[in-house]
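Written below as structure tokens is the structure these notes are about.
The values are calculated or read from the model by the stated rules, or taken from the named source; none is laboratory data. Small disclaimer: the values here were computed from a predicted structure and weren't measured. Don't worry about glycine lacking a Cβ; one is built from the backbone with ideal geometry, like all the others, and counts go over all protein chains shown.
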Amino acid sequence: MLKLHDIFLRKFLILFTAIFLVMATISYFWIKNIYIEQTKIDLLHNIDLFALQINSLEKLDEKIKNANKVIGSRITVINQNGVVIGESDENKNFMDNHLNRTEILKSKYNKFGSIVRYSDTLKKDFLYVSKKQVLNGEDYYIRMARDLEQIDEEYIYMTVKIAILFVVFIGIFFIVALKISKKVQYETNAILDFLNNLIKQNKSLKIESTYSLEFQNITKILTKVSESLSKKDKQKSKYTAKLKLSNRQKDDIISAISHEFKNPIAVISGYSQTLLDDKELNATIRDKFLEKIFSNSEKLTNMIDRLRLTIKLDEGKQPYTFIKTNLKSVSKNIIDDLKVTYPSRDIILDADDIVMQIDETMMSIAITNLIENALKYSQDTVKITITKKKLSVSDTGIGVNSKDISKLTDKFYRVSNNGWNNSMGVGLSLVSNILNLHNFTLDIKSVENEGSTFSIVF
């Protein structure tokens, strides 16, 4: 299995190689088209300048030769009957009638005419630009042309310079990515070394990281775990039972996090790999894949937020503000949000206008947890009832065994039967902590295969 920094570097190389190839292809044709259009503009400008120099047809060949030396473009003057009366590169007497040439026909009815085609006279590909001029009351066509090989040489020279700049940019970006990869490798190795030392030693260890918020949070938690284990080791003889419970809870944390994180991470990884491997994936399918990736990343974020809030509440570090709040309005807003996630489910609200002093944010989290549990573990309508005495969430789902009801609010406790797993085991524990902060209680009534009612008793 590859290391994290190796995966990051490999994905970066694949992604930017693909971007480079696509951008190079697009840039080649796009810049070439721009260059040809610019050449057309230059030729039209030269035609206008040349037209100002010929106020008569006298010494026309000499004027054409002189202009050709200055601008380096092929110049042809054609009368309204299509006869070539002036030519810079070939003998005009041996040239065919040009009245039906594409560029002449276009310029006859438009401001100018242009085309890229093979010249039978000079046996080369040219970019031709023609424009109609009036001289002595008669129509004439002044046509100028550039050798396509010359245009390509100039374009390729410019493209090479742009490519070099792009490669330099990619190189710099790669170096930055490599440094980031090395830093990630250093941070992960430090965490692994810390964990190895944590296993081998009994004393309290400390680890810190300022590389990113995620690494900082991980190292803070690891340091707290180390301190906690150290204290428990010192009190081992007196608190053997508590130490065993603590170890079991630690295993439950790892198991819960592993179990809950595995599925969304697998979804994100799988869909991301498909998007990377199949560059021609149908747009509709690609959008569905991206929606899946986004929703699962949101799921991971919510899990982490719940864990962090639980820890803060346990430690008494979560700030709160009690204000007068209408529970009916709060519940209605929660239902509206949940209907986006569960569009096919019916959620009924039967509520009085009850106003209480609560922390609206934390109480919203508690109510949301209860409603989401009801939606997850039932298929029929979920009903929310609010009275002066309590707020109840009822469902007709799988229910919970009576012997497990009293343990549901224990942190990291997960009921395995009937598929009722209480998420990571922090959902109802978090609800209980929030209610304790408000001096409320959680009452649970449930019958297996009949349904459950979770009530917040004021």
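Summed over segment 122-163, the residues that are among the polar types (S, T, N, Q) and closer than 12 Å to residue 74 by Cα give a count of 1.
Among the residues that make up segment 406-421, is at least one of them among the acidic types (Asp, Glu), over 20 Å from residue 375 (Cβ atoms) and either modelled with pLDDT of 85 or more or surrounded by fewer than 17 Cβ atoms within 10 Å (Cβ to Cβ) (or both)? Yes, that holds for at least one residue. Checking segment 51-60 against the condition returns a match, with at least one residue being closer than 28 Å to residue 137 by Cβ, in a helix (DSSP H, G or I) and modelled with pLDDT under 85.
Name the one entry in 384, 398 that is modelled with pLDDT of 75 or more and surrounded by fewer than 21 Cβ atoms within 10 Å (Cβ to Cβ).
Numbers: 384 fails: surrounded by fewer than 21 Cβ atoms within 10 Å (Cβ to Cβ).
Being modelled with pLDDT of 75 or more and surrounded by fewer than 21 Cβ atoms within 10 Å (Cβ to Cβ) holds for just one of 384, 398, which is 398.
Scanning segment 60-111 for residues that are in contact with a helix residue (DSSP H, G or I) (Cβ under 9 Å, 6 or more places away or on another chain) and either outside the structural domain of residue 133 (by TED's automatic domain parsing) or among the aromatic types (Phe, Trp, Tyr) (or both) yields a count of 0.
Cβ-Cβ distances below 9 Å connect no pair with a first residue in segment 319-344 that is not assigned by TED's automatic domain parsing to the domain that holds residue 358 and exposed (fewer than 10 other Cβ atoms within 10 Å of the Cβ), a second residue that is part of a loop (DSSP other than H, G, I, E, B) and at pLDDT 90 or above, and a separation of six or more residues or different chains. Note on segment 179-234: among residues that are under 34 Å from the mean Cα position of the chain (by Cα) and outside any helix (DSSP H, G or I), the one that is modelled with the lowest pLDDT is 211.
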